[in-house]
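Trainee: Before I ask anything, let me first share the structure, which is written out below as structure tokens.
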Amino acid sequence: MWCDSSSTMVRSRWQEASIRIAFVHSFYSSAQPSGENRAVESEARALAGAGHEVRLIPARTDDLERTPFYPVTSALRVATGIGRSPLGALRAFGPDVVHVHNLFPNFGTRWAGSVDVPIVATLHNFRPLCANGLLYRDGAVCTLCPDGDRTAGIRYGCYRGSRLASLPLGLANRSGPQGNPLLRRADRVIVLSQTAREIYLAAGLPERKVVVWGNFLPDELDPGRDVGEPMDARWLYVGRLSSEKGIALLVEAWPSDVPLTVVGDGVDRPRIEAGARGKRIELRPLLERSEVIDLMRRSLGLVFPSRCLESFPLVYAEAMAAGLPVLAWEPNVVAGMTRLDGTGMAISWRDDLPSALRAAASSFPRLRERCRRVFEERMSERAHVVRAEGLYRDLVG
């Protein structure tokens, strides 16, 4: 069964076939809701539900940020790789494989060289290449740091708009992926999209290590196979309301006679409220994931206007589960996914929006079954467990 590192593990009835898996994850603050945190917890539960022994070894920002001198100690840990280590908990558990999801900013990295079982590392973002983890600056994709200008993130204050706050990350990333102790030691490195794979390979990560492996939706959120017809002609946006997500620009350009529901919250909300005046745009606050998926089942299509590259947004898996086609804007990875998967339409900001919406509204109802099929094949809990078991068994032998 799944539990935190402080809990007692109970051997399951699949004892002989089970794999002992240690998950190491630094949890982001609950003040900033994180899809990455949810993805890690869902993955641990799914593997435990399949009969494997899963121990989650966490470091939680909510707890640690109350300790004295936390900003200083976390900055030093990030810059040097020296600091909090999961080695004691790992030795006590004795895993067959260690799966690291996130170490920033609460774990060091140098401990990885002392682990004598296979290590898998999942890169949920571009943090080992970019101070803000997004490859995004001043309203556009920026690849200066992975392209070789390693001090650009410090120079432009890419982490929290501060050169001082960006300094530890700039120091940590100065030698690229090959200088990262975790990535150097890892036997496999999981990235969430083909775009991320290409970027990390170009930055120097060895091709033999890299596996493309997207997010999945847990069974309890799966709405089932009956995707049916959309109940209304509304478009839907779900996500953070911030500049890199592109939703403010989209609302300002949105045709006044086309219905759109915007779900989320963030710093751009006042701008979005202003842009929505006089239009058929409904703004709704953050919702539970089950409520979001119910909205998806009733909508015509999901709009994904993100101006940054993204990795593999959970909202794409949710849309596929609901049989909801996606209209995505280049250059984000979802635009590439919809094109490769045949699950929607990819356009650019130069395209005529009303024309694109009309074309999508005409074709999207025919894609709903296709979306659901893609979900079942690649993004369902069952597909994820089979993929994970194959990877772990290949490493464990």
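Trainee: Of the residues R277, R289, R269, which is free of Cβ contacts under 8 Å to residues at least 60 places away in the same chain and surrounded by 13 or more Cβ atoms within 10 Å (Cβ to Cβ)? Break it down stepwise before answering.
Mentor: Numbers: R277 fails: surrounded by 13 or more Cβ atoms within 10 Å (Cβ to Cβ); R289 fails: free of Cβ contacts under 8 Å to residues at least 60 places away in the same chain.
None of the other options fit; the residue is R269.
Trainee: Residues of region 30-70 being within 13 Å of H101 (Cβ to Cβ) and free of Cβ contacts under 8 Å to residues at least 40 places away in the same chain, which ones?
Mentor: Selection gives S34, N37, E41.
Trainee: I would also like to ask the following. For region 378-397, enumerate the residues that are over 13 Å from R188 (Cα atoms), touching a strand residue (DSSP E or B) at 6+ places or on another chain (Cβ under 8 Å) and of a type outside the set (A, V, I, L, M, F, W, C).
Mentor: S380, E381
Trainee: So G224 ticks every box in (1) in a loop (DSSP other than H, G, I, E, B); (2) of a type outside the set (D, E); (3) touching a helix residue (DSSP H, G or I) at 6+ places or on another chain (Cβ under 8 Å) but one. Which box is left unticked?
Mentor: For G224, the failing item is (3).
Trainee: Now, a different point. For region 233-285, give me the residue count where each residue is part of a loop (DSSP other than H, G, I, E, B) and of a type outside the set (D, E).
Mentor: Applying the first criterion (part of a loop (DSSP other than H, G, I, E, B)) to region 233-285 yields 233-234, 239-242, 246, 254-259, 264-268, 277-280, 285.
Checking the rest, the ones that are also of a type outside the set (D, E) come to 233-234, 239-242, 246, 254-256, 258-259, 264, 266-267, 277-280, 285.
Within region 233-285, residues that are part of a loop (DSSP other than H, G, I, E, B) and of a type outside the set (D, E) number 20.
Trainee: Let me ask you something else. Do we find that V24 is surrounded by 18 or more Cβ atoms within 10 Å (Cβ to Cβ), farther than 20 Å from R382 by Cα and either of a type in the set (A, V, I, L, M, F, W, C) or modelled with pLDDT under 95 (or both) in this structure?
Mentor: Working: surrounded by 18 or more Cβ atoms within 10 Å (Cβ to Cβ): yes; farther than 20 Å from R382 by Cα: yes; either of a type in the set (A, V, I, L, M, F, W, C) or modelled with pLDDT under 95 (or both): yes.
Considered against the rule, which asks whether it is surrounded by 18 or more Cβ atoms within 10 Å (Cβ to Cβ), farther than 20 Å from R382 by Cα and either of a type in the set (A, V, I, L, M, F, W, C) or modelled with pLDDT under 95 (or both), V24 comes out as yes.
Trainee: A further question on this structure: Being at pLDDT 95 or above, part of a helix (DSSP H, G or I), surrounded by fewer than 24 Cβ atoms within 10 Å (Cβ to Cβ) and of a type in the set (F, W, Y): is that true of Y316 here? Quick ask: steps written out before the conclusion?
Mentor: Working: at pLDDT 95 or above: yes; part of a helix (DSSP H, G or I): yes; surrounded by fewer than 24 Cβ atoms within 10 Å (Cβ to Cβ): no; of a type in the set (F, W, Y): yes.
Answer is no for this residue.
Trainee: Residue by residue through region 100-141, note down the ones that are out of contact with any Asp or Glu (no Cβ under 8 Å at 6 or more places or on another chain), assigned to a strand (DSSP E or B) and either buried (at least 20 other Cβ atoms within 10 Å of the Cβ) or in the same structural domain as R38 (by TED's automatic domain parsing) (or both).
Mentor: V100, A121, T122, L123, R137
Trainee: Checking A202 against (1) in contact (Cβ under 8 Å) with a residue 60 or more places away in the chain; (2) in the same structural domain as R38 (by TED's automatic domain parsing); (3) surrounded by fewer than 16 Cβ atoms within 10 Å (Cβ to Cβ), which single condition isn't satisfied?
Mentor: Of everything listed in (1) in contact (Cβ under 8 Å) with a residue 60 or more places away in the chain; (2) in the same structural domain as R38 (by TED's automatic domain parsing); (3) surrounded by fewer than 16 Cβ atoms within 10 Å (Cβ to Cβ), A202 misses just condition (1).
Trainee: Tell me, please, whether a residue that is among the β-branched types (V, I, T) and touching a Lys or Arg at 6+ places or on another chain (Cβ under 8 Å) can be found in region 231-246.
Mentor: no
Trainee: Can you pull out every residue in region 21-41 that is out of contact with any helix residue (DSSP H, G or I) (no Cβ under 8 Å at 6 or more places or on another chain) and among the hydroxyl-bearing types (S, T, Y)?
Mentor: S34, the sole residue that qualifies.
Trainee: Is it true that P58 is in contact with a strand residue (DSSP E or B) (Cβ under 6 Å, 6 or more places away or on another chain), at pLDDT 95 or above, assigned to a strand (DSSP E or B) and crowded, with 16+ Cβ neighbours inside 10 Å?
Mentor: yes
The values are calculated or read from the model by the stated rules, or taken from the named source; none is laboratory data. Just so you know, these numbers come straight off a predicted model, no measurement behind them. We place every Cβ from the backbone using ideal geometry, glycine too, and count neighbours over all the protein chains shown.
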